[in-house]
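Structure first, then comments.
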Amino acid sequence: MLTMRISQDAWQGNAQYTIAVDGKQIGGMRTAGASHSAGDYDTVSIPEIGAGTHKVTVDFLNDAYGGSSGKDRNLYVDGIFLDGVKQGGSTMLASGGAKDFAIGGSAGGVKTVGEQILPSGWQQRDVVESFNGGKGILSHSWGPGVDTSSNGQLTVRSTWDDKSSGAMVKPAGAEKGFGYGLYSFTVKTEGHIGPYALLWPSTDRWPGPEMDVLEILSNGTPYSTVHWKGSNGGDGYKSFMLSGVNETQKHTYSLLWEHGRLTGFVDGVKKWTTTERVPKDYAHGGENAVPSLGMQTSWNKGELGGKNYITAYEFSYADMNPLG
Ligand SMILES: [Ca+2]
Ligand SMILES: [Ca+2]
């Protein structure tokens, strides 16, 4: 799946363009609708372009300029993503004509940035929390198991009495927290049930758009889960196994939240993707999310017993619209 983000400066009409892959035009003439200055973008999805490297060409058909900055029709390619991996293309097409973008050359690669292993193309991080000053941006914490005694780490432990403990960015409203983008938690865990790293509804209302990046089955299999508010108001959910991952080792678990698609990565390698029940962020009519990690006990009370923990080494968020 190739996903492109397109926006425009409209003036005396909208920007029009075509898209071609490897020289073959895909679909007909397209008309941009989203305002670049408002930070919006149209999402253009092109399924099944095949493996390997490709050339994507965007041809801006109807440039116009009236002699001043407010009188200028322009087209923007705000981002190109191949199977969820950012391809680095972010360009203003100020005057008409075709612009080529090379994609797929680094597909499958990974990149070590700070303490994290990320999908290639994602080395630009907009928010980084290294826990050098304790809880950092995950300042909203609860329970007796939050441990900041090791500099550069945030650990949440289970306690003998199975009290719930955790830490998150404060959920302070639909427009707070973060929207679409790549969320990455570099963590290790001990003990099968209880540890989690997730995104929580920024309104703090549940059930809602909860996206669990890492939870662990009683047999030790790590997995991801997407929750939503069901038609009856209850909890709907779907899980995706992270097979082959040893959760007792330090790994970077990433979730890419796009318009209409969620993709999970471990150490930069894609593990799952779905287009079902994908929540919208605040900018697209939904609500944002806040990162959280901790020790769950409401559904697994009596199974923790004080031995389990999750240690976070680094968290990051990368906006998927770098020109935004
Ligand atoms: Ca122009
Ligand atoms: Ca650290």
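The values are calculated or read from the model by the stated rules, or taken from the named source; none is laboratory data. Values in this document were obtained by computation on a predicted structure and should not be read as measured data. Methodologically, a virtual Cβ is constructed for each residue, glycine included, from the backbone with ideal geometry; neighbour enumeration extends over all protein chains shown.
In table form, for the structure just shown:
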read-out	value
Hey, Arg157 at pLDDT 95 or above and of a type in the set (D, E, K, R) or not	no
Verdict on Gln116 being surrounded by 21 or more Cβ atoms within 10 Å (Cβ to Cβ), over 22 Å from Ser35 (Cβ atoms) and either at pLDDT 85 or above or of a type in the set (Asp, Glu) (or both)	yes
Test: Pro207 is of a type outside the set (A, V, I, L, M) and in contact with a His (Cβ under 9 Å, 6 or more places away or on another chain)	yes
Selection within region 132-173 - basic (Lys, Arg) and either touching a helix residue (DSSP H, G or I) at 6+ places or on another chain (Cβ under 6 Å) or within 16 Å of ligand 2 (Cβ to nearest atom) (or both)	Lys135
Residue match in region 85-94 (condition: farther than 22 Å from Ala32 by Cα, at pLDDT below 85, touching a strand residue (DSSP E or B) at 6+ places or on another chain (Cβ under 8 Å) and in the same structural domain as Glu48 (by TED's automatic domain parsing))	yes
Residue satisfying condition, being over 13 Å from Thr3 (Cα atoms) and among the charged types (D, E, K, R), within set Asp63, Asp78	Asp63
Restricting region 95-113 to residues that are assigned to a loop (DSSP other than H, G, I, E, B) and on the phi > 0 side of the Ramachandran plot, the residue that is modelled with the highest pLDDT	Gly104
Selection count where residues are hydroxyl-bearing (Ser, Thr, Tyr) and touching a residue at least 40 places away in the same chain (Cβ under 8 Å), scope region 192-243	5
